[in-house]
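Novice: Mind having a look at this structure? Questions to follow.
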């Protein structure tokens with residue numbers, strides 16, 4: 001159905017499934033304060049935005065998915081209209097909201113794994129330290145590598161979405177997951 005924009009749909013799905021706080025660290029990403037209504041409206045607008053993408057399949061000669069579509073002057077009015085029906089004043093406002101939803105969703109999905117990794121890392125370090133068959137230099141190198149992973153986890157925690165955004169997105173998990181499944185089916 002959206003074959004020309006399969007890459008765009010795939011990118012959204014990938015972001016939804018694999019987004020972590022790394023996206024929150026991206027220089028152009030500025031999370032917004034979500035409300036229950038704005039988050040739900042952002043999710044609900046995805047099919048409308050993809051419908052605009054379908055209308056412009058092949059437009060502009062090699063557009064780069066939805067990102068390229070938003071730079072195509074003829075599509076901007078349609079994108080604004082598509083999101084206006086869901087309460088957004090512009091496509092840019094919708095993008096900010098859906099990026100925040102996606103980033104927060106990814107953080108929530110990965111938070112449990114990150115919390116479980118701390119004790120596992122501590123246990124692994126103890127095993128390394130207590131293993132007499134590992135040379136000291138190798139122990140130090142392994143522990144240094146693990147320290148880098150720990151630092152990355154700490155950085156992820158430091159860039160966590162606001163507690164308010166997490167609560168709002170957690171309430172929408174079934175809708176977000178249904179959207180992901182729908183988009184995966186379009187691939």
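Novice: Every residue in the range 124-175 that is under 20 Å from the mean Cα position of the chain (by Cα), assigned to a helix (DSSP H, G or I) and modelled with pLDDT under 80, please.
Specialist: Scanning the range 124-175 gives 152, 153, 154, 155, 156, 157, 158.
Novice: Considering each residue of the range 166-181, count those that are more than 12 Å from residue 40 (Cα to Cα) and touching a helix residue (DSSP H, G or I) at 6+ places or on another chain (Cβ under 8 Å), and give that number.
Specialist: Result for the range 166-181: 2.
Novice: In the list 96, 59, 19, which residue meets the criterion of being under 29 Å from residue 160 (Cα atoms) and modelled with pLDDT under 80?
Specialist: Every option except 19 fails the conditions.
Novice: Between a residue in the range 76-96 that is under 16 Å from residue 54 (Cβ atoms) and any residue that is part of a loop (DSSP other than H, G, I, E, B) and at pLDDT 90 or above, which pairs come within a Cβ distance under 8 Å, given they are 6 or more apart or on different chains?
Specialist: These pairs meet every condition: 83/90.
The values are calculated or read from the model by the stated rules, or taken from the named source; none is laboratory data. Predicted, not measured: the structure shown is a model, and the values here were computed from it. With ideal geometry, Cβ positions are generated from the backbone for all residues, glycine too; neighbour counts draw on all protein chains shown.
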